Each structure stands twice: as structure tokens, then as C-alpha cells.
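Asker: My structure is below; once you've seen it, I'll send some questions.
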Amino acid sequence: MACGFRRAIACQLSRVLNLPPENLITSISAVPISQKEEVADFQLSVDSLLEKDNDHSRPDIQVQAKRLAEKLRCDTVVSEISTGQRTVNFKINRELLTKTVLQQVIEDGSKYGLKSELFSGLPQKKIVVEFSSPNVAKKFHVGHLRSTIIGNFIANLKEALGHQVIRINYLGDWGMQFGLLGTGFQLFGYEEKLQSNPLQHLFEVYVQVNKEAADDKSVAKAAQEFFQRLELGDVQALSLWQKFRDLSIEEYIRVYKRLGVYFDEYSGESFYREKSQEVLKLLESKGLLLKTIKGTAVVDLSGNGDPSSICTVMRSDGTSLYATRDLAAAIDRMDKYNFDTMIYVTDKGQEKHFQQVFQMLKIMGYDWAERCQHVPFGVVQGMKTRRGDVTFLEDVLNEIQLRMLQNMASIKTTKELKNPQETAERVGLAALIIQDFKGLLLSDYKFSWDRVFQSRGDTGVFLQYTHARLHRFDEVLYKSSQDFQPRHIVSYLLTLSHLAAVAHKTLQIKDSPPEVAGARLHLFKAVRSVLANGMKLLGITPMEFRSCCPGWSAMV
Ligand code: ARG
């Protein structure tokens, strides 16, 4: 059953305005809650209505709103109609609202909010989301961490909305670093260390060989030669490279699992070595490839030689670059998946890179370049663990776990936890994700563990708004699905948690008459279900109360 209060309002309006209800639904929105005054539940924006109308004479909006309100009638659903600032406001029959919302939350379960009329008629799409994409043997820095949790959120949300999602991890698994790594491993690598802790060992080798190569020209030369051998397809060199890659991926999978993240495809720059050459040929055949005096080749995106819009796509030795490989990868994914949308999640430092890639695809004649989208995020400074700067994702996870365990230990818990490590990790991860998702993704911020684990201030929102808050979950999902910003969902969930905490204190279940107890239980079940849905979308695994810490409530 679709509760469809918005639809009920839209149907009334449709009769008066002679417009199909479908066109009206997105002009109707939930009214923000105010603690100071009683407000309506929904409002119709008259401005947005007029945008849909071709009549451009635009008489006074307020007069329009009044006239419209006079023509509408209260019914079993709408109990009050009034006008606000350029809006017509609607109040819903309280009893009906409470009952319907609770019933719907329970009935729709994990689909609550997603079955809303806001999403109806949304065509099912095929969506590629590329995220995380660390570089083998290099640091897994906080930018990769953000890409991982943001990309996971976007993929979760799209999937929940019924789209087919393909999650791709595009590894930095090619380039000079493998020349260095190959040489370094031959000089001071250990097979056992590689097998037992590949990411750590490869990183150590990489750091060491970099140092050596800076002092010793012969090491640098050997590295160059090793990379050349890779580029030329030397079997021995390639098999070592393959081993580095395979072992690293195995380890990544294990660590991503702790985050609840998975990928459908582990792709990487190495896949596009040969295909990049085809891209270069294609660019050449279209007359888009310009050779420079240095022997490199560029594409001039402005068409007038503006140096800021020139993109280098070939080195002087004929090999490809990052951008060339991205062109090849995009074309390949289109062939393979025929996607409707492709989303790349990286920090904003790569904004220009993606703009250039998309533009090059366009001038190459690929109209689907418009389906590619870059979701950028801001830079986070100062994330440190006990081992220093973040080098491995696993370090961050261990740090979160440890800090949360300490937090839990500082609170006098009476009972022992069955699985304190896991509990600490899950709760700590939730803390990390929420502090990151609170703001606009594009904003930079300075990382602090205190910010992650701060105790929460109470917003003191009133209990009687709970049902109304619940009712607006679909709009929050809708907003996030429009701009990919998780903060809409985050602030909603936090407010709901506060409300639930207030409700929990006031609305006792124990010692209440059975029908009251039943109704209250119903309410809490509904709250829990919505919290779980929201958290899962964000990439947080909801905790079962049984397994979580008894003194937990003291921390929130
Ligand atoms: N490996 C890259 C880095 O660490 C990110 C890759 C982003 N994706 C892409 N298709 N270029 O910066």
C-alpha cells in the first residue's frame, strides 16, 4: 500500500488545476519541523507550479496561492488548508497520518521510503560506479578511504532505488612504480613476507627502492629496464607483476570486507595498456592527435591552442598516460556494460582530469560522454594513526577498533561483551562514516579523532514530531539520490535517534496497558527499521542490541 499523502494532495490539485497529478508531486514537499510553532505537514510551492505552466504573465504569487487554496476542500486525508509565503499548506488528519505511517514502515520493511511516489515512474538504469581505486604498492591514503565509503554509499543508494549497479575498483596497477617494485623485489624482497603480508611488504620494498634509486643511478636504470620489459610483455617480468597484483587484491578484499564493501570487478590501468594504443590511433585518424616538438602527443580541447585545455595523451616513447588509459577504460566499459550512467568518485584534485577525459570522449564522437559523471569530494588533512600517517586501510580500521574499545572500557559496563572487537569496530566505523558524511562532500576538513568519537549534544526535539519525521524519509532519500550527498540521510537519522531516545524515556512499554504497550512497541519497531535502512545505505552495519555494549546508552 502506498501511503501517498503527496499523491492525495496532488489528486485534489489536479482537479482544480487541470494538470496530471504526476506533474504536481515534486512541487509538494514536507514542511521543515519547527519547535516553536505548529506547522503544516506539506506545502505546495506555487513558484514551482508556475514553472510548469506556460503562462508567463505571472500574476502576484500570493494572490494565486490564496485563490488556489480557496478552491481546495478538506477531506478525509487533508484536515486543514492554509497559505504561507508563496505556498499552499496542508495539514494531514493526525490519526490517519500516525496510523498510515507506522503501518507503512512495518509493511514496507527494508523498502520503506523507496516505494514512495517520489520515485515512481523512475526508469531502471544500468549504473557503473567506480570507486576506491588505490594504487598497488603505494599508500592507501585518506582520499582512497573517502572514495571507498562515498562510492559505496552511492552504489547502495542506486541499488536500493532499483537500478542495476556495477561496482568497479580501478586499481593503479601499472606504471613506473612497477619497474621500481620489480627491481626492488629482486634486490631486497622476501617471498615469505610477500605471501604473509603483501601490502606491507610491497610498500616497504617500494619505499626502499625509491631511496636507492635516488642515490644509485644503476638502480634507477634497472627499474626503467624492468618497466620496459613489462611494457613489451616479457613473461617473467609479467608473472612477478601478476603475483604482486593478485596478492594485493586478495588482501584488499579481506580488508574491504571489514568495511562491508565489495566490488563486482577489480579492473585497473594495466588492462588498458594495449587498448590505449588503439585510442591513440583513433585520435590520430580523427585528426585530433597533435605531436609536439618534444615527441609527445596532445589533444587540444579548446581548438585554439589554449595551454590550459591541452591534454597530453602520449609520452615521447609512445606509451600511454593516465588520461589515455581512462579514455580506453570508458570506451571499454561502454562496450561491456552499455551503461546509462557512469560515476567516478575521487577527490576534487582530479576534477580537471575527468572534465578533460569526458570532453575528449565527446569530441571523439561518443555522445554517451554525457552519461559520465565525476563526483568529487574535499581533502581531509591530518588523519594519523599510531603508526603515523595513514598508509594502509587496515591501519585505520585497527585504530578505530582500538579507540572504540578504549571508549567502551572507560564506561562502566556491567556485563562482558560477547564480541567486543567486532562491536567496537562496527560502532567505531559508524562514528567515522557519520562525521565524514555530515558536511558537504566537497568541503575540506581537518581530521580529528575527537570529532569522530565526540559525545553527541542533544538536539532536544520533541517527541510528538516523531511520526512526522518518520514520514519524511522518502524525501531525504530523494534529495540524496539527486545530489549524492549523504548528509541529508545522516542528519535525518541522527534527529530520529534523538527523538527515539526521548520517546524511549517517556513512552514506557513495561507496566503500560496492553494496547498502549502494543502501539508503543509498534512505534519503536518502525523507528528501528528506518534507522537500519538508512544505516545500511550509508554502509554501516546495524548492531543487534543483544550483542552491543550494555553501557552503550551512556555514550550517546
Ligand atoms: N588510482 C587513482 C589515484 O589513486 C584513482 C583512480 C581514479 N579513477 C580513474 N578512472 N581515473 O589517484
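Asker: Only residues that are in contact with a Phe, Trp or Tyr (Cβ under 7 Å, 6 or more places away or on another chain), more than 16 Å from the ligand (Cβ to nearest atom) and at pLDDT 95 or above: list them for the range 91-139, please.
Answerer: 126 - this is the single residue of the range 91-139 that is in contact with a Phe, Trp or Tyr (Cβ under 7 Å, 6 or more places away or on another chain), more than 16 Å from the ligand (Cβ to nearest atom) and at pLDDT 95 or above.
Asker: Looking at 190, 206 in this structure, which one is within 16 Å of the ligand (Cβ to nearest atom) and aromatic (Phe, Trp, Tyr)? Before you say what the answer is, go through the steps one by one.
Answerer: On the way: 190 fails: within 16 Å of the ligand (Cβ to nearest atom).
On inspection, the qualifying residue turns out to be 206.
Asker: Residue 376 passes all but one of (1) away from the ligand (no atom under 16 Å from the Cβ); (2) surrounded by 16 or more Cβ atoms within 10 Å (Cβ to Cβ); which number fails?
Answerer: Among (1) away from the ligand (no atom under 16 Å from the Cβ); (2) surrounded by 16 or more Cβ atoms within 10 Å (Cβ to Cβ), the lone unmet condition for residue 376 is (1).
Asker: For the range 308-319, does any single residue satisfy the condition of being loosely packed, with under 14 Cβ neighbours inside 10 Å and either within 16 Å of the ligand (Cβ to nearest atom) or assigned to a strand (DSSP E or B) (or both)?
Answerer: First pass over the range 308-319, keeping only residues loosely packed, with under 14 Cβ neighbours inside 10 Å: 308, 316-318.
Of the ones still in play, those that are also either within 16 Å of the ligand (Cβ to nearest atom) or assigned to a strand (DSSP E or B) (or both) are none.
No - not one qualifying residue is present in the range 308-319.
Asker: Hey, can you tell me all the residues within the range 54-90 that are buried (at least 18 other Cβ atoms within 10 Å of the Cβ), polar (S, T, N, Q) and modelled with pLDDT of 90 or more?
Answerer: 83, 87, 89
Asker: Would you point out which residue out of 215, 173 is within 16 Å of the ligand (Cβ to nearest atom), among the acidic types (Asp, Glu) and over 30 Å from residue 119 (Cα atoms)? Don't jump to the end; show me each part of the working.
Answerer: Values: 215 fails: within 16 Å of the ligand (Cβ to nearest atom).
Within the list 215, 173, the selection yields 173.
Asker: Being under 17 Å from residue 30 (Cα atoms), touching a strand residue (DSSP E or B) at 6+ places or on another chain (Cβ under 6 Å) and not in a helix (DSSP H, G or I): is that true of residue 91 here? Write out each step before concluding.
Answerer: On the way: under 17 Å from residue 30 (Cα atoms): yes; touching a strand residue (DSSP E or B) at 6+ places or on another chain (Cβ under 6 Å): yes; not in a helix (DSSP H, G or I): yes.
Yes: the conditions hold for residue 91.
Asker: Test residue 329 against the stated conditions and say whether it is buried (at least 17 other Cβ atoms within 10 Å of the Cβ), among the small types (Gly, Ala, Ser) and either in a strand (DSSP E or B) or within 13 Å of the ligand (Cβ to nearest atom) (or both). I'd like the intermediate steps shown before the answer.
Answerer: On the way: buried (at least 17 other Cβ atoms within 10 Å of the Cβ): yes; among the small types (Gly, Ala, Ser): yes; either in a strand (DSSP E or B) or within 13 Å of the ligand (Cβ to nearest atom) (or both): yes.
Criteria met by residue 329.
Asker: Can I ask one more? I'd like to check something: does the range 355-363 contain any residue that is surrounded by fewer than 17 Cβ atoms within 10 Å (Cβ to Cβ), among the hydrophobic types (A, V, I, L, M, F, W, C), at negative phi and more than 16 Å from the ligand (Cβ to nearest atom)?
Answerer: Let us first name the residues in the range 355-363 that are surrounded by fewer than 17 Cβ atoms within 10 Å (Cβ to Cβ), namely 355, 359, 362-363.
Now restrict to residues that are among the hydrophobic types (A, V, I, L, M, F, W, C): 363.
Checking the rest, the ones that are also at negative phi come to 363.
Okay, now just the ones that are also more than 16 Å from the ligand (Cβ to nearest atom), so 363.
Yes, that holds for at least one residue.
Asker: Give 340, 335 a once-over and let me know the one that is among the acidic types (Asp, Glu), under 16 Å from residue 361 (Cβ atoms), touching a helix residue (DSSP H, G or I) at 6+ places or on another chain (Cβ under 7 Å) and at pLDDT 95 or above.
Answerer: Values: 335 fails: touching a helix residue (DSSP H, G or I) at 6+ places or on another chain (Cβ under 7 Å).
Matching residue, one of 340, 335: 340.
Asker: Is it the case that residue 306 is modelled with pLDDT under 95, under 27 Å from residue 177 (Cα atoms) and over 33 Å from the mean Cα position of the chain (by Cα)? Steps first, answer last, please.
Answerer: Working: modelled with pLDDT under 95: yes; under 27 Å from residue 177 (Cα atoms): no; over 33 Å from the mean Cα position of the chain (by Cα): yes.
Considered against the rule, which asks whether it is modelled with pLDDT under 95, under 27 Å from residue 177 (Cα atoms) and over 33 Å from the mean Cα position of the chain (by Cα), residue 306 comes out as no.
Asker: Right, something else. Where in the range 110-215 are there helices (runs of 4 or more DSSP H), lying wholly inside it, with at least 3 residues that are free of Cβ contacts under 8 Å to residues at least 24 places away in the same chain? Break it down stepwise before answering.
Answerer: Numbers: elements: 142-160, 176-188, 191-196, 198-215.
Of the helices (runs of 4 or more DSSP H) lying wholly inside the range 110-215, those with at least 3 residues that are free of Cβ contacts under 8 Å to residues at least 24 places away in the same chain span 191-196, 198-215.
Conditions (1) away from the ligand (no atom under 16 Å from the Cβ); (2) in a helix (DSSP H, G or I); (3) within 26 Å of residue 209 (Cα to Cα), marked per residue:
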{"position": "219", "(1), (2), (3)": "yes, yes, yes"}
{"position": "233", "(1), (2), (3)": "yes, no, yes"}
{"position": "238", "(1), (2), (3)": "yes, yes, yes"}
{"position": "241", "(1), (2), (3)": "yes, yes, yes"}
{"position": "247", "(1), (2), (3)": "yes, yes, yes"}
{"position": "251", "(1), (2), (3)": "yes, yes, yes"}
{"position": "273", "(1), (2), (3)": "no, yes, yes"}
{"position": "277", "(1), (2), (3)": "yes, yes, no"}
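The values are calculated or read from the model by the stated rules, or taken from the named source; none is laboratory data. Please read these numbers as outputs of a predicted model, since none were measured by experiment. Here Cβ is always computed from backbone atoms with ideal geometry, including for glycine, and neighbour counts include all displayed protein chains.
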